[in-house]
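Enquirer: This structure is in structure tokens; I'll ask about it shortly.
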Amino acid sequence: MKEKLVRIKSENKILIMLAFYSIAIGLWKNFRQLWLQGNSLDVTAISQILSLGTLMCAICLFITTKYTSLSKIKKFMVICLTIKIITFILMYILNCTGNNALIGMLTIVDIVTEKLIIINIYPFILTIKKDDILYSKRKLVEYLFCDIGILIGGTLIGKTIFGLNIDYNLLLLISFIFVTVAFIVLINIKQDYKEEKRESGLRTIYELFKDDIFRTYLIYILISNIAMSTGLGIKMLMLTNLLDFSASNATNYLLIAGLFADLIGIIAVKHLTPKNDYITITIKFGIRLVLYLITFFTSNLIIAIIAMTWSILISTAYENIVDAPYINRIKNEHQLMFNSIKYIVALIGESIGLYYAGLTYNYGIGCMLGMSAFFMIFQIGFAYRLIYMRKKKESETK
């Protein structure tokens, strides 16, 4: 295997590593909530673990942004993958031992390393080759192989193969195998990158925060992630416990919905984007808001499934309107710092949303989506505000 890897270009090795890693994430992330529940943790405790893990990732990302340079990014990722492999082994051993405090701590480490590796994939690619097509390939590989991981999990769960009953813990072991292969590929990637003189981090932050559109966009990102995670942050538990899906059916539902979401995202960019950006925002978020509010007032489970499905289907659509204009207006020399700040704010929002998801879970799915709808009202308001600010700035520069 090592000899074959030597003949492959470094940027392609990173994509191969990402493919194996994405399969592991797609396979395990979907079932992690159910694995924790199988270890006698209630939904509130699970949401708090997921929330704390996401918040810790934001803190770790802030620290690594300050102290980790691009020339050291491979070493950082090797450390993260090593920790993740050890974490998987310990989680597999501790399954159903009743040591829930340690299981919770290990799950937090699992979440932190999972997100840090994904976040640092593209900066790692930049040290090898900077290319717009390569960026698109990276996103395609991540989404496609994550879906393959979900498919593997949904196909195997509950089956008996060679006398082995495929349960959540065995899926953890399979994920461990894929992560280990990703680790082997990673350590065989050669990184020859000479660090350019970096602008002061504080100076970059100051330049970014001078911009009122940037500040407003960060607030929008925070509220968007709170709204999304409150409504769908623990969707596997919602589907299996509140909507009576089996684990296999819930996985297949999320896989099919995710694949259609990717397709709708592609079609929307080419053929279904209104000329008026305000209408686009209304389609993306307004319909979701109405469905969530109907669910809140009626507690109708059919409407709840429709609302969740629409939310997933529209999730990747119109990113060219809601995100791209505010990312592309940032100067190239500030992009890495901007990317880190954006992720940190998004992770904090996700953490808050997961906490609210746990609080509202015991009151039913209507309450969960109702709380999400409350934040969506502000999300839509800031989205409209951003369009107004952007259009005004564009007219002033003409």
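The values are calculated or read from the model by the stated rules, or taken from the named source; none is laboratory data. Keep in mind the model is a prediction, meaning the values are calculated, not measured. All Cβ positions, glycine included, derive from the backbone under ideal geometry; neighbour counts span all protein chains shown. Each accessible area value is taken on the protein alone, full model and side chains, heavy atoms only, with ligands, DNA and RNA left out. Shrake-Rupley method; radii C 1.70, N 1.55, O 1.52, S 1.80 Å.
Enquirer: At 222 nm, what value in deg cm²/dmol follows for the chain if DSSP H runs of at least 4 each add -39500 (n - 2.57) and the sum is divided by all its residues, to the nearest 500?
Expert: -26000 deg cm²/dmol, from helical runs alone.
Enquirer: Among 33-41, 229-237, what's the highest-first ranking by average C-beta atoms within 10 angstrom per residue?
Expert: Ranked from most to least packed, the peptides come out as 229-237, 33-41.
Enquirer: Of the listed pairs K29/K66; K29/K235; K74/K331; K115/K284, which have alpha-carbon separations greater than 23 Å here?
Expert: Values: K29/K66 28 Å; K29/K235 11 Å; K74/K331 25 Å; K115/K284 26 Å.
Checking Cα-Cα distances, K29/K66; K74/K331; K115/K284 exceed 23 Å.
Enquirer: Continuing with the same structure: Would you tally the net charge around I213, using a Cβ to Cβ cut-off of less than 15 Å, leaving I213 out, and scoring K and R as +1, D and E as -1?
Expert: Value of the local net charge: +3.
Enquirer: Continuing with this model, one more query. Quick one: net charge around F145, please, counting Lys, Arg +1 and Asp, Glu -1 for every other residue with C-beta under 13 Å from its C-beta.
Expert: Values: positive: K29, K137, R138, K139; negative: E142, D147, D262.
Summing Lys/Arg as +1 and Asp/Glu as -1 gives +1.
Enquirer: If you take every residue apart from T54 with its C-beta less than 14 Å away from the C-beta of T54, what net charge results, scoring Lys and Arg +1 and Asp and Glu -1?
Expert: With Lys, Arg at +1 and Asp, Glu at -1, the neighbours total 0.
Enquirer: On the protein heavy atoms, probe 1.4 angstrom, tell me the percent of accessible surface of the chain carried by carbon and sulfur.
Expert: Carbon and sulfur atoms account for 65 percent of the accessible area of the chain.
Enquirer: Another one. Based on the alpha-carbon set only, what is the convex hull volume of the chain divided per residue, in Å³?
Expert: It comes to 144 Å³ per residue, whole-number rounded.
Enquirer: A further question follows. Taking a ≥ b ≥ c as the square roots of the Cα gyration tensor eigenvalues, with a/c under 1.5 meaning rounded and otherwise prolate when a/b beats b/c, else oblate, which class fits segment 314-388?
Expert: Verdict is prolate for segment 314-388.
Enquirer: Per-residue accessible area for L301 at 1.4 Å probe radius, Å² rounded to 10?
Expert: Roughly 80 Å² of L301 is accessible to a 1.4 Å probe.
Enquirer: Follow-up question, since we're still on this one. Per residue, how much accessible surface does the chain expose to a 1.4 Å probe? Answer in Å², no decimals.
Expert: 48
Enquirer: Now a separate question. So which helices of the chain fit the span-like rule, where a helix is a whole DSSP H run, its Cα atoms reach 15 Å or more along the axis, and its mean Kyte-Doolittle is at least 1.0? Walk me through the numbers on the way to the answer.
Expert: Working: long enough: 10-38 (41 Å, 0.44); 43-67 (36 Å, 1.49); 73-94 (31 Å, 2.03); 100-126 (40 Å, 1.61); 132-156 (36 Å, 0.74); 168-187 (29 Å, 2.67); 212-232 (30 Å, 1.09); 247-271 (35 Å, 1.12); 287-298 (17 Å, 1.92); 301-313 (18 Å, 2.55); 335-361 (38 Å, 0.84); 365-397 (47 Å, 0.40).
Sorted by number, the helices that extend far enough and score high enough are 43-67, 73-94, 100-126, 168-187, 212-232, 247-271, 287-298, 301-313.
Enquirer: How many angstrom separate the Cα center of segment 136-188 from the Cα center of segment 325-398?
Expert: Going from one Cα centre to the other spans 31 Å.
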